[in-house]
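Engineer: Please see the structure below; I have some questions.
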Amino acid sequence: MRVDALDARALRRRLRGPGLRLRTGPVLNCIRSPLEAVARGIELHYAAHAVEDKAFADFHVSVERPAGPRRWWRPQVVFKLDGESPFTPLPGDQGFPILEWGLNWCITGLYHRFLTLHAAVLERGGRALVLPAPSGSGKSTLCAALALSGWRLLSDELALIDPATGLIHPLPRPVSLKNASIDVIRRFAPAARFGPPVHETSKGTVVHMAPPAEGVARAGEPARPGWIVLPRYAAGQPAQLQPLPKAQALMQLIENAFNYNVHGLAGFDALSELVDRSGCHRFSYARLEEAVAVFDALAAEARAA
């Protein structure tokens, strides 16, 4: 059963009661929340995701109001894992963002089945495009544009690499857009589904974009390595793809790995194999249309090889 098979009342009953068991790729989250903003966010952004009853959940989380007078005076929201809060409360209108950030925290800190990188990942022709980059590089903007242009979204934030096989597993969830990138993607794809803007977060203004349904439907299909590309937004500059030495690519992946120390030698071997099996590049861009054309050409070249 999918989330959009539940009517509004049934969805809220689960969120307020036993929890909504929501499947996101290999991870099953049991989510509870009495907050309307969280319910609306799940309705919009997770409509195509599977709901599983009576299944073991990897994480039991909740988003709720803290006890005390702050329930009414300058309301706040708090994220909890197994009843304990790992974060300080946030302003009351940030219920859905704190859920998204909390789920990321659970995976990066506690889910070690995979080697996890801070990177966007998309797929074309069975090959994965890995975009490791810090905040402000244009990674999420580029990821959203490619996901809306025929590339399958595996993840906006987290690359899950199986050390045993070298395959990259999907974790299709909403794409987080910030500040100027919000209007850029709205103009690029007006038909995409966007949530309401949330202002004055730690990252500025944040809007979440629902993941394309095809990527959600194929969440059980991993992809083999294809390309590692370090993106950078460069205002006023033409799109430019340049070779990246594999040693530098490996160091970038290590720097962007959340649990590299947990996997030890197996983690080093997995990243080395990923680099060996991938074309490695730096990429700078200003216009999304040019950027998409460059990556489409890269995928076409791989198919023809």
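The values are calculated or read from the model by the stated rules, or taken from the named source; none is laboratory data. Predicted model only: the values in this text are computed from it and were never measured. With ideal geometry, Cβ positions are generated from the backbone for all residues, glycine too; neighbour counts draw on all protein chains shown.
Engineer: Go through (1) at pLDDT below 95; (2) more than 19 Å from Ser176 (Cα to Cα) one by one and return the number of the condition Gly204 breaks.
Structural biologist: With respect to (1) at pLDDT below 95; (2) more than 19 Å from Ser176 (Cα to Cα), Gly204 is out only on (2).
Engineer: Moving on. Sort through Glu123, Glu84, Glu64, Glu100 and tell me the only one that's within 30 Å of Glu273 (Cβ to Cβ) and either in contact with a Leu (Cβ under 6 Å, 6 or more places away or on another chain) or among the acidic types (Asp, Glu) (or both).
Structural biologist: On the way: Glu84 fails: within 30 Å of Glu273 (Cβ to Cβ); Glu64 fails: within 30 Å of Glu273 (Cβ to Cβ); Glu100 fails: within 30 Å of Glu273 (Cβ to Cβ).
Unique residue meeting the criteria: Glu123.
Engineer: Moving on to the next point. Go over the candidates Phe87, Phe79 one by one and state the one that is outside any loop (DSSP other than H, G, I, E, B), of a type in the set (A, V, I, L, M, F, W, C) and either closer than 30 Å to Ala257 by Cβ or outside the structural domain of Pro197 (by TED's automatic domain parsing) (or both).
Structural biologist: Details: Phe87 fails: outside any loop (DSSP other than H, G, I, E, B).
Residue meeting the stated conditions: Phe79.
Engineer: Here's a follow-up. Within the bounds of region 261-276, is there any residue that is hydrophobic (A, V, I, L, M, F, W, C), free of Cβ contacts under 8 Å to residues at least 60 places away in the same chain, closer than 24 Å to Phe96 by Cα and in the same structural domain as Ala128 (by TED's automatic domain parsing)? Working first, answer last.
Structural biologist: Our first condition is that a residue be hydrophobic (A, V, I, L, M, F, W, C); within region 261-276, this holds for 262, 265-266, 268, 270-271, 274-275.
Add one more test, that the residue is free of Cβ contacts under 8 Å to residues at least 60 places away in the same chain, and what stays is 265, 268, 275.
With the extra rule that they be closer than 24 Å to Phe96 by Cα, the set shrinks to none.
No; the residues of region 261-276 include none that is hydrophobic (A, V, I, L, M, F, W, C), free of Cβ contacts under 8 Å to residues at least 60 places away in the same chain, closer than 24 Å to Phe96 by Cα and in the same structural domain as Ala128 (by TED's automatic domain parsing).
Engineer: Consider Tyr233 carefully, then state whether it is crowded, with 17+ Cβ neighbours inside 10 Å and modelled with pLDDT under 95. Walk me through how you get there before you give the answer.
Structural biologist: Numbers: crowded, with 17+ Cβ neighbours inside 10 Å: yes; modelled with pLDDT under 95: yes.
Taking the combined requirement at face value, the residue satisfies it.
Engineer: Only residues in region 143-154 that are in the same structural domain as Pro211 (by TED's automatic domain parsing) count as the first member; pair them with residues that are assigned to a helix (DSSP H, G or I) and not aromatic (Phe, Trp, Tyr), Cβ under 6 angstrom, at least 6 apart or cross-chain, and list the lot.
Structural biologist: Hits for this filter: Ala144/Ile185; Ala145/Leu288; Ala145/Val292; Ser149/Val292; Arg152/Gly215; Leu153/Ala147; Leu153/Gly215.
Engineer: Sticking with this structure for a sec: Scan region 277-292 and tell me whether some residue there is assigned by TED's automatic domain parsing to the domain that holds Tyr233, acidic (Asp, Glu) and over 19 Å from Ala147 (Cβ atoms). Can you show your working first?
Structural biologist: So in region 277-292, the residues assigned by TED's automatic domain parsing to the domain that holds Tyr233 come out as 277-292.
Then drop every residue that is not acidic (Asp, Glu), which leaves 289-290.
Add one more test, that the residue is over 19 Å from Ala147 (Cβ atoms), and what stays is none.
No, every residue in region 277-292 fails to be assigned by TED's automatic domain parsing to the domain that holds Tyr233, acidic (Asp, Glu) and over 19 Å from Ala147 (Cβ atoms).
Engineer: Among the residues of region 70-101, which ones are surrounded by fewer than 18 Cβ atoms within 10 Å (Cβ to Cβ) and small (Gly, Ala, Ser)?
Structural biologist: Passing the criteria: Gly83, Ser85, Gly92.
Engineer: Out of Leu117, Leu177, I need the residue that is buried (at least 24 other Cβ atoms within 10 Å of the Cβ) and farther than 23 Å from Glu273 by Cβ. Which one?
Structural biologist: Matching residue, one of Leu117, Leu177: Leu177.
Engineer: Still on this structure, I have one more. Please go through region 19-42 and pick out each residue that is under 26 Å from Pro91 (Cα atoms) and among the polar types (S, T, N, Q).
Structural biologist: Answer for region 19-42, where residues must be under 26 Å from Pro91 (Cα atoms) and among the polar types (S, T, N, Q): Asn29, Ser33.
Engineer: Among the residues of region 236-247, what is the count of those that are loosely packed, with under 14 Cβ neighbours inside 10 Å and over 20 Å from Ala297 (Cβ atoms)?
Structural biologist: Selection size over region 236-247: 3.
Engineer: Within region 177-184, identify whether any single residue is in a loop (DSSP other than H, G, I, E, B), touching a Lys or Arg at 6+ places or on another chain (Cβ under 7 Å) and not acidic (Asp, Glu), and answer yes or no.
Structural biologist: Here is the first cut: in region 177-184, the residues in a loop (DSSP other than H, G, I, E, B) are 179.
If we keep only those that are touching a Lys or Arg at 6+ places or on another chain (Cβ under 7 Å) as well, we get none.
No, the conditions are met nowhere in region 177-184.
Engineer: The conditions are (1) in a loop (DSSP other than H, G, I, E, B); (2) within 14 Å of Arg14 (Cβ to Cβ); (3) not polar (S, T, N, Q), and Ala48 fails exactly one of them. Which is it?
Structural biologist: (2)
Engineer: Right, next: Can you say whether Arg16 is surrounded by fewer than 18 Cβ atoms within 10 Å (Cβ to Cβ), without any contact (Cβ under 8 Å) to a residue 24 or more places away in the chain, at negative phi and of a type in the set (Lys, Arg), as far as the supplied structure shows? Step through it out loud before you land on a result.
Structural biologist: Numbers: surrounded by fewer than 18 Cβ atoms within 10 Å (Cβ to Cβ): yes; without any contact (Cβ under 8 Å) to a residue 24 or more places away in the chain: yes; at negative phi: yes; of a type in the set (Lys, Arg): yes.
Here the answer is yes, as Arg16 does meet what is asked.
Engineer: Kindly establish whether Pro75 is over 13 Å from the mean Cα position of the chain (by Cα) and at pLDDT below 95. Please lay out each step first, then the result.
Structural biologist: Working: over 13 Å from the mean Cα position of the chain (by Cα): yes; at pLDDT below 95: yes.
Yes, satisfied.
Engineer: Would you confirm, using the coordinates I've provided, whether Gly68 is modelled with pLDDT under 95 and assigned by TED's automatic domain parsing to the domain that holds Arg32? Full working, then the answer.
Structural biologist: Numbers: modelled with pLDDT under 95: yes; assigned by TED's automatic domain parsing to the domain that holds Arg32: yes.
Criteria met by Gly68.
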